[in-house]
Amino acid sequence: MNINLNWILEHDVHVPDESGDSDRTVAEAGVTVLPFSQVRPSPQALLNTFVVQAHSSTMASKEPTLSSLAMQAPSLTPHADSGLDLLREYRRLDDTIVMRLNRTNAQFSDRERERKGKGNVQDEACLYIWRSLIENWKRRTEVVSYCVGVVDKAMDEKRQIISDSSSDPARQKAMQSALSIDQVKARQVHTELAVEIIVRKRALDGEDICAYLEHVYTHVLAGPSQHPFGVLHEPTHAPTKNDILVPVTLGVMSRCPDALVCETVFDDVLKQVRNITDLSLTYIAKLNSSEPDFGVTCMHGPEECAGNVQQLCAAKYASPTNWWAFVQCQNFQGRYRVGLPEVALSCAETANIDWENDGTGQCAGKEGSGKGAEGIRLLKESVIATEELGIRSSCTVMINGRPVCVHDGDWKTCEGGHTTADFVHQIKQEYDLLNGIHVA
């Protein structure tokens, strides 16, 4: 299925509903097109080209459509090539935009024309092009992340059937075969996430391309969870050295989906109150002396223990900003890759952590295994501290030593609210109390 990039950016793609009504049909793709003015592009629509099988002719009546109840949980298809081709076409557009940046720089280098009340021509053109580039990053990230969720959910369901002793052996065997196919798809999708990081890093390396790049990087690119995990700018107005920072603790498990939700929200929270917050992660697990590698049993397996160790070591030896960028980078890879050695090493580089020399690698294991002696000791200490805090659910949010919210499948017991603005408000309140600031 060949899809023109400009066309897909201008239209929303939907599989026809049961009535067959549509404004326009692309015969060779068997999909319905609605004008962009009527429906904005959505991850579900773009995913039609990635994991929802589009037929070469009209869809058979027995197949579910996007408007039917059967499609509320998308199924997987072996035919993911078209989606991968679309992502590669997006990246070719990235290259074109970067080329245009260089061309713009050359064109105006000798003709800096200042206009009253406005920036110079070069900077305005540069900002416009960067906005286009960033929108492509955001759109691709949204689509690929959705695909990761679909694949991970399908694998979870199959693993449950395989591990269920009451399941029919024949069905378990069939699920094992299907799981192997899903694992191939998962590797494909997660590879796309890794490529995305490389694409962003490559584009952002040339910080001298335009004077507005820092402004764009800070204010435009830093939408919810869309920054490329590099070192974030520290707040302009830091508290005085005598001020008390607000301790914020997240009780988590590094491979837990609830932890990823929680950490994504607090990524946005930190953008507003980083300078008054002392954020830390504490890990939920069980001490188990019979566990050979870690002496700890982690709910999502030994890889989660490794991920916990890697994050603890980064927290100890890297700066708070780089540590948090490391955690966010691991999360971006998908929870089933948190704890893998290659992901730890790659994310350390992305977050500007000197794994080999600053102590992080020695703590967690030079090769990224998460089995370093110091890291295992830190994990055991964290597990004990978590139990002493009374944290039982991942993710539990504690502000100034008091549990204020839990995400366990959904937000629960959140008297002060659970949005970014709610957490920012609570942290600011605690900061004022801790530092004796009286608000009129």
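What is the order of SER254, SER177, fewest Cβ neighbours within 10 Å to most? Please list the in-between numbers first.
Details: SER254 31, SER177 11.
Taking fewest neighbouring Cβ atoms as first place, the list is SER177, SER254.
I need to check one value: relative contact order of segment 271-424, counting alpha carbon pairs closer than 8 Å and at least 6 residues apart, in percent.
Working: 212 pairs, mean separation 33.1, N = 154.
Relative contact order here is 21 percent.
Dipole size in debye (nearest 20) for segment 229-434 around its Cα centre, Lys and Arg Cβ +1, Asp and Glu Cβ -1?
Taking the Cα centre of segment 229-434 as origin, the dipole is about 140 debye.
Would you mind computing the Rg to Rh ratio of segment 229-434 from its alpha-carbon coordinates, Kirkwood style for Rh?
Numbers: Rg = 16.2 Å, Rh = 17.0 Å.
Result: Rg/Rh = 0.95.
Any of LYS316/LYS371; LYS153/LYS286; LYS271/LYS412; LYS158/LYS185 with alpha carbons more than 19 Å apart? Name them for me. Working shown, then result.
Details: LYS316/LYS371 16 Å; LYS153/LYS286 26 Å; LYS271/LYS412 24 Å; LYS158/LYS185 14 Å.
Over 19 Å Cα-Cα: LYS153/LYS286; LYS271/LYS412.
Distance in nm between label sites at GLN176 and ARG88, each 7 Å beyond Cα in the beta-carbon direction?
3.5
Exposure proxy check: THR386, THR420 ranked by fewest other beta carbons within 10 Å? It would help to have the intermediate numbers written out before the result.
Numbers: THR386 22, THR420 18.
So the residues, fewest neighbours to most, are THR420, THR386.
By count of other Cβ within 10 Å, fewest leading, how are VAL327, VAL151 ordered?
Working: VAL327 28, VAL151 24.
So the residues, fewest neighbours to most, are VAL151, VAL327.
Only the coordinates and a few stated rules stand behind these numbers; no lab work does. Here the structure is a predicted model, which means the values were calculated and not measured. So basically every Cβ, Gly included, is an ideal-geometry build from the backbone, and we count neighbours across all protein chains shown.
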